[in-house]
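First up is the structure itself, then whatever we jot down about it.
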Amino acid sequence: MSDLLSIDSVSKTFGGVHAVAGCSFAVAEGTITALIGPNGSGKTTLFNIITGYLKADAGHVTFAGRDVTGDDPGRLYRSGLSRTFQQARVFPQLSVLENLVVAAGRGWSQLFTKRVGGDDRRRASELLEEFRLAPVADLLAADLSYGQRKLLEFAAVLMSSPTLVLLDEPTAGVNPVMIETMERHIRQRNQAGITFLIVEHDMTFVMRLCDPVIVLDAGRQIFSGQPAQVQSNALVLDAYLGA
Amino acid sequence: MSRGSLVRGGLFVLVLATLPSFGLQHWFLNLMVFVLMFATMSSAWNLVGGFAGYPSLGHAAFFGIGAYSMALIFHGHVLSNGYEPFLLLPLIGLISAAVGFPIALIAMRTRADVFAIVTITFLFMVQTLAFNLRGWTGGSQGLSLPVAPFPAVSFEEPFYYTLVLLLCFTLLVTFGALRSKVGLSLVAVRADEDKARGIGVRVTGVKVLAFCVSVGITAMVGGVWAYYETFIYPQFAIDPLITIAVVLMTFLGGRATLWGPVLGAFVLEAGQQTLAYRLGGSQFYLIAYALVFLVIMLLLPRGVLPTLGDRLRQRRRARSVDSTSGGVTPMAAGAAEPPVALRRGASA
Ligand SMILES: Nc1ncnc2c1ncn2[C@@H]1O[C@H](COP(=O)(O)OP(=O)(O)O)[C@@H](O)[C@H]1O
Ligand SMILES: [Mg+2]
């Protein structure tokens, strides 16, 4: 299996805080890779750098064989790299259906076509059915529960047919039924060929779903391997329990 | 939504188009000319300030640019055909939109309050230029235009109809934006611009486009105004109060709605002119004007139309939730901790 994404000595400081400190790892194509680590270990910052929301101070990001360091997030998205946010970010003033349509990552020429065309509707309705959002398709996203918003954000980034999806704490603040739903969707999409990189605190979720697991502490990778080995690794225990 | 809008729009235009045939008095048509100017400018401002969420305070600069363009083209001419200046309006609109393009590219790198400050700075820059480029603008002496050769009995009508056309054009542009992916993208920009950029929305493109169209229309209104006034001065042609009136009207009627700015302009401009007339030369009308605005905004904080729309939506939503319970279970936001959470310092 080849690497779909690789991070090479990436660093980022925020006024003296080394949020990411020379971090390197790779995500192999076809995997569901977990990225775990204590709060503040730089997981979200790393996501922001990979997806172009933040510029790294140093290091390189390679996606699908191309150096994408410092690329515009929109361009990365259109080239197949999607992500969700720790605090789900959907557009509250748009309907659920429109939230999907707006995320399709279109070119200029489509700007002057219908707001929600027949084609859009067809594409979106498959996802709406799959994510059981069809009954609320015409509600504004503002009217959804937090869990539904997370689901919607996930569904929306699939509109662009991504090859790699980064999920930042997909189960945080979500009830157990919704967690199972989320897990099922990730598994199905992974079987359909999408690679995942998931930041998650819920270890049972990680154990069930992810392989391999990468552990981050203080902005650098301290472990990478099978989930079963994670909890027995001394370095990892150190990081979590505070040496 | 579309059928209703078309019917409403058709009726609105029909009423406006037939109004002058009722033999109305000059003061009334004069009032309507100003109401239409502000309705058009508010609708145009709404594209940027409402839909894109960029509260421009510099629009009066483009009103002035339109006014001075018109004045500079026709200063010292004798008009044989009174409609000639109207025919040049599209050109004035295009030139002003072109002037707006670099301004938008620069100013729209900032957001919200900073954007408001950058644009109002531009306004004062343009006003200073108008005062000081005496060779062109005549400075504070003002600049004259030829008096329109229209018969006195129906002098206002050509201006009135031109403004009706401009307002229709602006409403059609807004309607078109709303029904296309331009509108969809603009709403996304307003809600969360970084996220929108991250999902491939053509953020810079749509917001700059909205700005250029908006200031182009505003400049055309400025052109009509200059021709109507026949004499323009920097302090009136480039007047921050024009921007403020337009912003208030849009907020009052409802930002990011098709009809909100029109409603706001009809209420505020008609109200203001009537109050000014009733209360005579004193400035008391300004206080009454402010009071009307305050009362409405206190009762309907998001503007008239959005607040009413919200109420309707809530009623509809209550119904649809009843009928879909069992589909997706709604749940409390920010639910419990994950079952097995690993956190620094957590006791294992
Ligand atoms: N925009 C920012 N400005 C300043 N400090 C930040 C910013 N974003 C993150 N940090 C800091 O960087 C460190 C890593 O944060 P983050 O990437 O959010 O960690 P994680 O997602 O692993 O919990 C933390 O110490 C955090 O306070
Ligand atoms: Mg985080």
Approximate spin-label separation A:Gln229-B:Tyr277, in nm, with each point projected 7 Å along Cα-to-Cβ: 8.7
By accessible area with a 1.4 Å probe, ligands and nucleic acids excluded, highest first: order of B:Leu299, B:Leu305, A:Leu235: B:Leu299, A:Leu235, B:Leu305
Helical mean residue ellipticity (222 nm; -39500 (n - 2.57) per DSSP H run of 4+; nearest 500) of chain A: -9000 deg cm²/dmol
Extreme residue, positive dipole direction of the protein assembly as shown, given options B:Leu258, B:Ile73, A:Leu35 (C-beta unit charges): B:Leu258
Å² per residue, accessible surface of segment B:110-154 at 1.4 Å: 58
Linear extension gain, B:Thr204 paired with B:Cys168, 0.36 nm per residue minus alpha-carbon span: 10.3 nm
With every protein chain in place, the protein assembly as shown: carbon and sulfur % of accessible area (1.4 Å): 62
Overall form of segment A:91-143 per C-alpha gyration tensor (a/c, 1.5; a/b vs b/c): oblate
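For the pair B:Phe236 and A:Gln93, what calculated FRET efficiency results from E = 1/(1 + (r/R0)^6), where r is the Cβ-Cβ distance and R0 = 41 Å, to the nearest 0.05? Mind showing how you got there, number by number?
Numbers: r = 37 Å, r/R0 = 0.91.
Calculated transfer efficiency: 0.65.
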Segment A:129-185, dipole about Cα centre (Lys/Arg Cβ +1, Asp/Glu Cβ -1), debye to the nearest 20: 20
Signed unit charges on C-beta, dipole axis of the protein assembly as shown, positive-most listed residue B:Ile217, B:Ile242, B:Pro301: B:Pro301
Charge context of B:Ala107, other residues only, Cβ under 13 angstrom, K/R +1, D/E -1: +2
Highest average packing first - B:180-186, A:107-113, A:140-146, A:170-176, Cβ atoms within 10 Å: B:180-186, A:170-176, A:140-146, A:107-113
Contour minus Cα-Cα distance for B:Phe124 and B:Leu88 (0.36 nm per residue): 10.3 nm
Segment B:Ile95-B:Leu312, length gained on full extension (0.36 nm per residue, minus Cα span): 73.9 nm
Net +/- balance of residues flanking A:Asp71 in space, Cβ distance below 13 Å, scoring K and R +1, D and E -1: +3
For the pair A and B, total buried accessible area rounded to nearest 100 Å², probe 1.4 Å: 4500
At least 30 Å² accessible surface lost relative to isolated chain, residues of segment A:96-110 (1.4 Å probe): A:Val102, A:Arg106, A:Trp108
Mean residue ellipticity (222 nm) of chain B, computed from DSSP H runs ≥ 4 via -39,500 (n - 2.57), nearest 500: -23000 deg cm²/dmol
Order by protection proxy (mean Cβ within 10 Å, highest first), peptides B:113-122, A:39-48, B:75-84: A:39-48, B:113-122, B:75-84
Proximal lysines relative to B:Lys181, as straight alpha-carbon distance under 21 Å, when same-chain residues fewer than 8 apart are discounted: A:Lys114, B:Lys195, B:Lys207
Inter-label distance, nm, simple model (7 Å from Cα along the C-beta direction), B:Ile106/B:Arg3: 5.0
Members of segment A:220-241 that become less accessible by 20 Å² or more once partner protein chains are added (1.4 angstrom probe, chain alone as reference): A:Tyr240, A:Leu241
Sparse-neighbourhood loop sites, trypsin sites (Lys or Arg not before Pro) in segment B:79-141 - DSSP loop, at most 14 other Cβ within 10 angstrom: B:Arg109, B:Arg111
Lys, Arg +1 and Asp, Glu -1 on Cβ, resulting dipole of the protein assembly as shown about Cα centre, debye, nearest 20: 700
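The values are calculated or read from the model by the stated rules, or taken from the named source; none is laboratory data. Since this is a predicted model, take the numbers as computed values, not measurements. Note that each Cβ is placed from the backbone with ideal geometry, even for glycine, and that neighbours are counted across all protein chains shown. The protein model used for the area step is the full one, side chains on, heavy atoms only, and it has no ligands, DNA or RNA in it. Shrake-Rupley method; radii C 1.70, N 1.55, O 1.52, S 1.80 Å.
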